Amino acid sequence: MPGAIYAEGLVKVFGEVRALDGVDLDVPEGTVLGLLGPNGAGKTTTVRVLTTLVRPERGSASVAGIDVLEHPDAVRHSIGVSGQFAAVDEYLTGRENLRMVGRLYQLDGRQAKKRAGELLDRFHLADAADRPAKTYSGGMRRRLDLAAALVVSPPVMFMDEPTTGLDPRNRQQLWEVIEELVAGGTTLLLTTQYLEEADRLAHDIAVVDHGRVIARGTSDQLKARTGGERVEVVVHRREHIATAGEVLRRFGDGATAVEEHTRRITVPVSGGARLLAEIIRELDAHGVEMDDIALRRPTLDDVFIALTGHAAEAEEEREGTVP
Amino acid sequence: MTVAERTARRTPVPRRGGAVGQSVRDSLVIAWRNLIRMVRIPEVVVFALIQPIMFVVLFSYVFGGSIAVGGSTKPSLYREFLMAGIFAQTVTFATAGAGAGIADDMHKGLVDRFRSLPMARGAVLTGRTLADLVQTALTLVVLAVVAVIVGWRIHDGVLRALAGFALLLLLGYAFSWIGALIGLSVRTPEAATSGGLIWLFPLTFISNAFVPSGNMPTVLRVIAEWNPFSATVQAARELFGNLPPGYPVPGAWPMRHPVWASLLWSVLIIAVFRWLSVRKYRSATG
């Protein structure tokens, strides 16, 4: 049986650009899928298809067991959408925004009012509830936006880059809210460029690039695909690079990588902290002065670079420019 | 509980009135939202008033006395003749308001929010045009007061005058649907404002609004007489009793039956532009 969010072979072309080039997804109920990729990779378009905003040229999709293309209106009753493209009205107060969204989810006036009050309390917006949203800070606005997506406690949520542009404290707060939601059984699809965010929130990660899912798995599985640990040394003097390289080659499992200008040498290893200690002793014995030495486990950044050949945040053009 | 069960519990709880009821309710929610915005951004309403008031004063005192209507250049005659034209021009400015508002909603992502909600198709646009109708009505009230101050009077009774204002409002409502389509097409509020205004100048000037069409070159005169805008101006003038004595009524059908022509044009504009706008809205991307 397909999951709470399911997509098969989604293709969407905007003019010359194949925004989606055969996206497949399957998110089991109650889990979080992190859709990870650079700007323009197709993350937002995928969410727009699943939230009934864009019709794909090819492929099929279902959300909460309902066919997205056949019954978009029924899907809209079962989803909440939040993030970079689902906004709040800045001239309405927080309370008015939530009541409006409640009414448009077809709650009656009384229910919408009650629900708005509950959500304002829950998201710590009660004090600001009767001020126009224009006066809210970035973090408050995101919380209001998320509250609007939760008005009917939908079983399936979509969040498009929910923490982009937030400071670390607000990001942390929002993460806690999201974790609470998921603990309550909500199925969530989350797009992000922050590998840390995917690492923390998502059960499964799908890496998207050029409109395709190029890898999927848990965070650990993806890291394992990139290879194991590495030792990274930064020597103090350039003339020590050769000696240090020699030593690392003896302890390492593969070729060393040398960055001359930063005096950084990297080698894949297996053996963990014990091996690191040996390497340090050996380098010391050869009189190599070190600025830095570390045992690095692969991060999702490394995974991303290994899979796509470029860094996650390297491409600067905004995905929003692709309609 | 499986997804399907959870969904079944919450999917479309049809409420009173079925699809039509929902459509009306959702449109009113959106209209309410837009009216709140107007109250919170009163500058917009104030600026919408300044221009027509300036037109009333400038045209009355600068042109009045130089323009002959019904064979006389008496300024008071021109002032009465002019008002229906200014009223009509004012209601067409609802186009720019609707266009800019909807473009702004697209730009800020609100249209995406609305399109992901289980609300009636078209309610976002209907709500906006209804709110604009309220604003247009308020503008007309203020303008009518200014017009009375400079000497404008109705001569055929209150009921006929109200009918005249109703036709003006209907024209304004029709034009706000044109604005809706412009707003959905251009995507930025700035472009919608200028795009919503530019074409209004030839439309309102190649008409009988400010000068009698009879003195225009033939091509312009024909355009002016068939201009939907002229029909409403002529109808309002007739219903207000503002046609000067001896004013030659042109032979074109819309000028001889201005009330019917005005109604037909407005209904036609609403039908066409509502259909086009709702269609555009359904595929809109922010």
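Nothing in this text is a laboratory measurement; each read-out follows from the coordinates by a stated rule. Here the structure is a predicted model, which means the values were calculated and not measured. Note that each Cβ is placed from the backbone with ideal geometry, even for glycine, and that neighbours are counted across all protein chains shown.
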**Q.** For B:H257, residues with placed amide H under 5 Å, excluding near neighbours
**A.** none
Q) At what distance in angstrom do the alpha carbon centres of segment B:129-189 and segment A:44-113 lie from each other? A) 34
(Q) On C-alpha positions alone, give me the angle between the axis of helix A:168-183 and the longest principal axis of chain A, in degrees, nearest 10. (A) 70
**Q.** lysines with Cα under 25 Å of B:K280, excluding same-chain neighbours fewer than 8 positions away
**A.** A:K12, A:K43, B:K108
Q: Output the Cα-based Rg and Dmax of chain A in Å, rounding Rg to one decimal and Dmax to a whole number.
A: 23.7, 78
Q: Rounded to whole Hz and in sequence order, give me ³J(HN,Hα) for segment B:201-206 from the Karplus expression 6.51 cos²θ - 1.76 cosθ + 1.60, θ = phi - 60°, writing x for Gly and Pro.
A: 5, x, 4, 7, 8, 7
Q: Would you please give the residues with an amide H less than 5 Å from that of A:V17, counting only those at least 5 places away or on a separate chain, with H modeled from the backbone geometry?
A: none
Q: List B:S27, B:S283 from most exposed to least, where exposure is judged by having the fewest other Cβ atoms within 10 Å.
A: B:S283, B:S27
Q. If Lys and Arg each add +1 and Asp and Glu each add -1, what is the summed charge of the other residues whose beta carbon sits under 9 Å from the beta carbon of A:V54?
A. +3
Q: Run a plain Debye calculation on chain B (Cα atoms as equal point scatterers, no solvent) and give log10 I(q)/I(0) at q = 0.09, 0.10, 0.15 Å⁻¹, rounded to two decimals, same order as the q list.
A: -0.47, -0.56, -1.10
**Q.** Net charge of neighbours whose Cβ lies under 15 Å from the Cβ of B:P254, counting Lys and Arg as +1 and Asp and Glu as -1
**A.** +1
Q. Got a sec to turn the phi values of segment B:40-49 into Karplus ³J(HN,Hα) couplings, 6.51 cos²θ - 1.76 cosθ + 1.60 with θ = phi - 60°, whole Hz, x for Gly and Pro?
A. 7, 10, x, 3, 4, 5, 5, 5, 5, 8
Q.
If you average 1/r across every pair of different Cα atoms in the protein assembly as shown and take the reciprocal, what Kirkwood value do you get, in Å?
A. 28.1
Q.
For peptide B:51-63, what's the mean number of Cβ atoms from other chains within 10 Å of each residue's Cβ?
A. 0
Q: Express in whole angstrom the spacing between the alpha-carbon centres of segment A:156-203 and segment B:16-53.
A: 35
(Q) Compute the angle between helix A:94-104 and the longest alpha-carbon principal axis of chain A, please, reported from 0 to 90 degrees and rounded to the nearest 10. (A) 70
Q) Sequence-distant or interchain residues sharing an amide H contact under 5 Å with A:V213, placed H: which? A) A:D24
Q: Report the Stokes-Einstein translational diffusion coefficient (µm² s⁻¹, integer) for segment A:124-184, Rh taken as the Kirkwood radius over Cα pairs, at 10 °C with viscosity 1.306 mPa s.
A: 128
Q | Förster-model FRET efficiency, 45 Å R0, A:M290 and B:V44, C-beta, rounded to 0.05 | A | 0.10
**Q.** Shielding by partners - mean other protein chain Cβ count within 10 Å, residues of B:105-113
**A.** 6
Q) Once the other residues with Cβ under 15 Å from the Cβ of B:G241 are scored (Lys, Arg +1; Asp, Glu -1), what is the net sum? A) +1
Q: Calculate one ³J(HN,Hα) per residue across segment A:149-156 by plugging θ = phi - 60° into the Karplus curve 6.51 cos²θ - 1.76 cosθ + 1.60, and present them in order as whole Hz with x for glycine and proline.
A: 6, 9, 3, 9, 6, x, x, 10
(Q) Given the -39500 (n - 2.57) contribution per DSSP H run of 4+ residues, what per-residue ellipticity at 222 nm results for chain A, rounded to the nearest 500 deg cm²/dmol? (A) -10500 deg cm²/dmol
Q. What order do you get for B:F81, A:F14 when you list them from fewest to most C-beta neighbours inside 10 Å?
A. A:F14, B:F81
Q. Cα axis of helix A:109-122 to longest principal axis of chain A: angle in degrees, 0 to 90, nearest 10?
A. 30
Q: Please grab the % of Cα pairs in segment A:228-296 that end up more than 14 Å from each other.
A: 49
Q) Say each of A:T135 and B:R256 gets a label point 7 Å from the Cα, pointing the same way as Cα to Cβ; how far apart are those two points in nm? A) 6.3
Q. Among bridges DSSP assigns within the protein assembly as shown, what percent are antiparallel (round to 5)?
A. 65
Q: Quantify how strongly other chains surround peptide A:147-160 by giving the mean number of their Cβ atoms within 10 Å of each of its Cβ atoms.
A: 2
Q. Given only helices, namely DSSP H runs of n ≥ 4 each adding -39500 (n - 2.57), what is the per-residue ellipticity at 222 nm of chain B, to the nearest 500 deg cm²/dmol?
A. -24000 deg cm²/dmol
Q.
Positive end of the dipole of chain A, charges at C-beta (+1 Lys, Arg; -1 Asp, Glu), about the Cα centre: which of A:L300, A:V27, A:V207 has its Cα farthest in that direction?
A. A:V27
Q: Rank the residues B:Y281, B:Y247 as a footprinting-exposure proxy: fewest other Cβ atoms within 10 Å of their Cβ go first.
A: B:Y247, B:Y281
Q: With +1 on each Lys and Arg Cβ and -1 on each Asp and Glu Cβ, and nothing else charged, work out how big the dipole of chain B is about its Cα centre, in Debye to the nearest 20.
A: 1080
(Q) For chain B, set up a GNM with springs between Cα atoms under 10 Å and report which of B:S23, B:S262, B:S230 has the largest fluctuation. (A) B:S23
(Q) With only alpha-carbon pairs counted, each pair once and no self-pairs, how large is the Kirkwood hydrodynamic radius of segment B:162-286 in angstroms? (A) 15.6
Q: Could you check which residue among B:D26, B:D132, B:D156 shows the biggest mean-square fluctuation in a GNM of chain B with a 10 Å Cα cutoff?
A: B:D156
